[in-house]
Amino acid sequence: MLDIAEVARSGGLPASALRYYEEQGLITSIGRRGLRRLFEPDVLMRLSLISLGQSAGFSLTEIAGMLGAAGVPKIDREQLGQKADELDGKIRELTALRDGLRHVMTCSATSHLECPTFQRIMRVAVTRHVARRQHPARKRTGRK
């Protein structure tokens with residue numbers, strides 16, 4: 001058994017995050033030693049899965065659904081495919097933005113505002129900002 005300090009150190013997380021994950025049902029302590037929560041060693045594997053899920057852009061609510069209550073992950077492959085598609089889209093957007101910024105950096109236009117590429121980047125940025133404000137349901141929830 002590992003106490004919360006050992007799990008925090010091994011998992012690279014503050015104890016407050018572990019307590020929050022427990023409140024959210026992502027991990028479960030098995031008892032206490034004094035005031036310190038105790039965990040099974042397999043909690044480190046669950047923390048790795050949580051970290052991987054967050055890195056991929058899943059919310060804690062989505063991750064909780066994948067971890068399963070019995071400690072055996074039940075990962076929906078279709079959901080993984082959808083997330084991979086979202087990441088592909090984000091990669092395309094970021095690549096286009098990076099390429100545009102590199103162009104503007106070396107553009108021969110007298111002013112950035114005269115550069116057609118920079119003007120296009122600004123239009124796209126405004127369009128995306130407006131779209132995000134009009135569709136707040138797209139925002140990720142359940143993430144700490």
**Report entry** Rh by Kirkwood over Cα pairs, then Stokes-Einstein D for the chain at 1.002 mPa s and 20 °C, µm²/s
**Finding:** 116
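For the chain, what does the helix formula give at 222 nm: sum of -39500 (n - 2.57) over DSSP H segments with n ≥ 4, over the residue count, nearest 500 deg cm²/dmol? Write out the running numbers ahead of the final one.
Values: 6 runs with 87 residues, N = 144.
When only DSSP H runs of four or more count, the value is -19500 deg cm²/dmol.
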Query raised in the report: Gain in length, A56 to Q134, computed as 0.36 nm per residue apart minus the alpha-carbon separation, to one decimal in nm?
Result: 25.6 nm
Query raised in the report: Can you give me the Cα centroid spacing of the stretch 1-55 and the stretch 93-132 in angstrom?
Result: 44
Report summary line: Placing each pseudo-label 7 Å from Cα in the direction of the beta carbon, K90 and Q24 end up separated by a distance in nanometres of 1.5
**Report entry** q = 0.24 Å⁻¹: log10 I(q)/I(0) that the Debye formula gives for the stretch 77-136, counting C-alpha atoms only
**Finding:** -0.98
Query raised in the report: So what's the Cα pair-distance distribution over the stretch 20-92, bin width 5 Å, in %?
Result: 3, 14, 24, 22, 14, 10, 6, 3, 2, 1, 0
Requested in this report: Once you have the Cα-Cα distance between E114 and D42, take 0.36 nm times their residue separation minus that, and quote the gain in nm to one decimal.
Outcome: 20.1 nm
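Net charge near F39: determine it from the other residues with C-beta under 13 Å of the C-beta of F39, scoring Lys and Arg +1 and Asp and Glu -1. Don't jump to the answer; show the numbers that get you there.
Values: positive: R9, R19, R32, R33, R36, R37, R46; negative: D3, E6, E22, E40, D42.
Within the 13 Å Cβ shell, the charges total +2.
Throughout, read-outs are computed from the coordinates displayed, never taken from laboratory work. These numbers were taken from a predicted model, which means no experiment stands behind them. Here the Cβ is made from the backbone with ideal geometry for all residues, glycine too, and neighbour counts use every protein chain on show.
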